[in-house]
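The values are calculated or read from the model by the stated rules, or taken from the named source; none is laboratory data. Nothing here was measured: the structure is a model prediction, and the numbers come from that model. Cβ sites come from the backbone with ideal geometry, for glycine too, and all protein chains shown count toward neighbours. The accessibility values were calculated without ligands, DNA or RNA, using every heavy atom of the protein model including side chains. Shrake-Rupley method; radii C 1.70, N 1.55, O 1.52, S 1.80 Å.
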Amino acid sequence: MEEEKVMHIQESESLEKGDKEYNASDIQVLEGLEAVRKRPGMYIGTTGPNGLHHLVWEIIDNAIDEALAGYCTEIVVQINKGDTITVKDNGRGVPVDIVSKSGLSGVETVFTILHAGGKFGETSGYKVSGGLHGVGASVVNALSEWMEVTVNKNGGVYYIKFVDGGKPVEHLKKIGETTTSGTTVTFKPDPKIFLDTVIFSYDTIRDRVRQMAYLNRGVKLIVIDDRLDTPVQETFCYEGGIIEYVKNINANKGPIMEDVIYCEGYEEIEYLPEKKGKIYCEAAIQYNESYSKTVFSFCNNIHTHEGGTHEEGFRMAIQRVVNNYALEKKYLKEGEEKYTVDDIQEGMVAIISIKHPNPQYEGQTKTKLGNTEVRKIVSQVVGEALKRFFYENPKVANLILDKISMASKARMAARTAQENVRRKSGLEFTTLPGKLADCSSKNPAECELYIVEGDSAGGSAKSGRDRDTQAVLPLRGKILNVEKARHEKVFDNAEIGNMIVAIGGGVDPEFDVLKIRYHKIVIMTDADVDGSHIRILLLTFFYRYMRDLITQGYVYIAQPPLYKVEVKGKAYYAYNDEQLEVLKKQLELKPGYPFQRYKGLGEMNDVQLWDTTLNPKTRKMLRVTLSDAIEAEQVFTDLMGDEVQPRKDFIYKNAKFVKNLDI
Ligand code: 1YM
């Protein structure tokens, strides 16, 4: 472990007293920041795009903490021209007085001494944001080419600039008067550190800022992208907080109730010797008519991907309260099999959010909450609120219990059906489907499976492919929408059964990516509405039943051309309208020169299909990527919902979901 200098800062003196020369402690400060520059990964995870954006989260976190302390109502996050970032809040302003322990102004202390902020905030409560890395503003400064901090406080405007990874140009200086208060930080990430890219993604920042707005009710967050000729600006502020978050997630899933069950409470704890603090817990629950569960948990505004003790407490509560209520109201008879957590979570959307003064994270990616005291607190808070809701809203409770009881019956009926499929699904020896034209290679790393819409395109693909490495599975018609079907129906579906057996890794929760027979699963559908619908249905199936296939990047979308132009016996292809225009110019075609618009894959013969879509040397494919479950949930909600427009916009527009990859 890197040694970090932790400052304990308790008293402060006034600025006037503290004008000072550089001394030994300044050198220590620089050594601390130098350590960050030497091993940035230790502080921000990576120096790729995630690490780059992490800098922004750190600064926003400080502003959010100020909001949670009750002093700040509005935060502006702006991407400036030249990809610098400005974060501005209207809180108290970072302290400007000299801190006796460091001999520096509060601002300089916070922005140059590792972990200074955490020790500072004792008077105002505690620092809740951050957590995963929670490294603070000094790390951002250390990794910036320059940083400017302006603080409005006590009637004055104070300013300081740092260059070259945190070296102050001058000490904090009063440069004007003001009647307002707040902190503004602008920084430019150092391209010598962030070698991959120093370009910020508006979508990434917007998504995170919106999530912050949901998780911290009433705080107004504004995102601006000022890099464009016409700047983009969005404002997020949710008085209902996670209640609105749940409603939003549920909007396209067909909620079966109007209300959201809201649970809230806190408990004082003692942590570390002599330290007191509050664990604050809230959860929001709403049911929809689907069969999948959507439960997201957060600690200190960080998504705990791997769950942990807060989720355990939540599960304990729902299982206890629902089963007690069911027994009392005779949904369940004495001695009958109790509802499982899975039964209760079918069709449930829930957000669990806790704020903890001393979170401990575990798990592979350090996103699993480990604090054991949390289990009981969440269980109590959620249990009481849920129980109260059932008694106060018997009609809604009835709807929910009916749904749970159906889930439970279906589970018992499906047990046998699922066992049958498991046997069929490649976990044990099976025969490959007759419709599959397999490849001869048995090395998954070089094998590709083309899932092709329609028998005629399937035929062309079968004769046009490279038989050594390319397999073809034609699909007849539309596949089942797994979002709207029960498990046993999903497993009964012939097309789906064929895919499961062909791919060979089984299905979730036992899906094993090490057993798949192809490392490229390529979806090949027509470039029309039906084609994109089939593509979405396939992606939904993979997401719900073979999630690792998507998260580990094995799924691709073939890009057949849309146009063909023939000049002097030679064929030229265009994959979109712009390319067609370019082609027309390059070939100097006169207006009205004929070109072919492909309506479907079936119009291409085997040679054309090889040239344009199958040949690894010339084809274009998109790789499907999903890094974040919340992002995915939103995408699938948009896609599978009843609204048509989001679906239409999907494949070509949604850069988050599908990355361009020329292979
Ligand atoms: C754009 C980023 O950092 N705002 C901010 C930070 C602080 C305070 C107010 C603040 C905190 C406290 C007292 C306290 C911080 N102060 C410190 C430290 N926005 C942004 N706004 N007064 C002001 O926690 O007691 C660290 S962050 F350590 F100096 F108190």
Candidates 41, 51, filtered to the one that is without any contact (Cβ under 8 Å) to a residue 24 or more places away in the chain, surrounded by fewer than 21 Cβ atoms within 10 Å (Cβ to Cβ), part of a helix (DSSP H, G or I) and away from the ligand (no atom under 16 Å from the Cβ)
41
Could you grab the pairs with beta carbons closer than 7 Å, sequence gap of 6+ or different chains, first residue in segment 59-81 and farther than 13 Å from residue 187 by Cβ, second one more than 10 Å from the ligand (Cβ to nearest atom) and of a type in the set (Asp, Glu)?
81/226
Within segment 254-269, restricting to residues that are of a type outside the set (Phe, Trp, Tyr) and not in a loop (DSSP other than H, G, I, E, B), the one that is most open to solvent (accessible area, probe 1.4 Å) is 268
Answer residue from segment 99-110, given it is near the ligand (Cβ under 9 Å from one of its atoms) and closer than 21 Å to residue 143 by Cβ and is surrounded by the fewest Cβ atoms within 10 Å (Cβ to Cβ) among those:
110
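Taking segment 84-98, which residues are more than 18 Å from residue 165 (Cα to Cα) and more than 8 Å from the ligand (Cβ to nearest atom)?
The first filter runs over segment 84-98 and keeps only residues more than 18 Å from residue 165 (Cα to Cα), leaving 87-98.
If the condition is that a residue be more than 18 Å from residue 165 (Cα to Cα) and more than 8 Å from the ligand (Cβ to nearest atom), then 90, 96, 97, 98 are the ones that fit.
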Could you list all residues from segment 505-537 that are open to solvent by 10 Å² or more (accessible area, probe 1.4 Å) and at positive phi?
none
Is it the case that some residue within segment 186-209 is within 15 Å of the ligand (Cβ to nearest atom), in a strand (DSSP E or B), touching a residue at least 60 places away in the same chain (Cβ under 8 Å) and at positive phi?
no
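Within segment 440-478, count every residue that is part of a loop (DSSP other than H, G, I, E, B), modelled with pLDDT under 90 and among the hydrophobic types (A, V, I, L, M, F, W, C). Reasoning before the result, please.
Taking segment 440-478 as the starting set, the residues that turn out to be part of a loop (DSSP other than H, G, I, E, B) are 440-443, 447, 454, 465-469, 476-478.
Now restrict to residues that are modelled with pLDDT under 90: 454, 476-478.
Adding the requirement that they be among the hydrophobic types (A, V, I, L, M, F, W, C) leaves none.
Adding up the residues that qualify gives 0.
So that you can scan it fast, the table gives a plain yes or no per residue for (1) over 13 Å from residue 59 (Cα atoms); (2) modelled with pLDDT under 95:
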| site | (1), (2) |
| --- | --- |
| 103 | yes, yes |
| 106 | yes, yes |
| 110 | no, yes |
| 116 | yes, yes |
| 119 | yes, yes |
| 136 | no, yes |
| 151 | yes, no |
| 154 | yes, no |
| 161 | yes, no |
Among residues of segment 231-253, those that are in a loop (DSSP other than H, G, I, E, B), without any contact (Cβ under 8 Å) to a residue 40 or more places away in the chain and over 26 Å from residue 55 (Cβ atoms), counted
2
What is the residue count in segment 199-225 for residues that are open to solvent by less than 40 Å² (accessible area, probe 1.4 Å) and closer than 18 Å to residue 73 by Cβ?
12
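Limited to segment 358-389, what total is found for residues that are hydroxyl-bearing (Ser, Thr, Tyr), in a loop (DSSP other than H, G, I, E, B) and open to solvent by 20 Å² or more (accessible area, probe 1.4 Å)?
If we filter segment 358-389 for residues that are hydroxyl-bearing (Ser, Thr, Tyr), which is where we start, we get 361, 365, 367, 372, 379.
Now restrict to residues that are in a loop (DSSP other than H, G, I, E, B): 365, 367, 372.
Applying the additional criterion that residues be open to solvent by 20 Å² or more (accessible area, probe 1.4 Å) yields 365, 372.
Of the residues in that region, 2 qualify.
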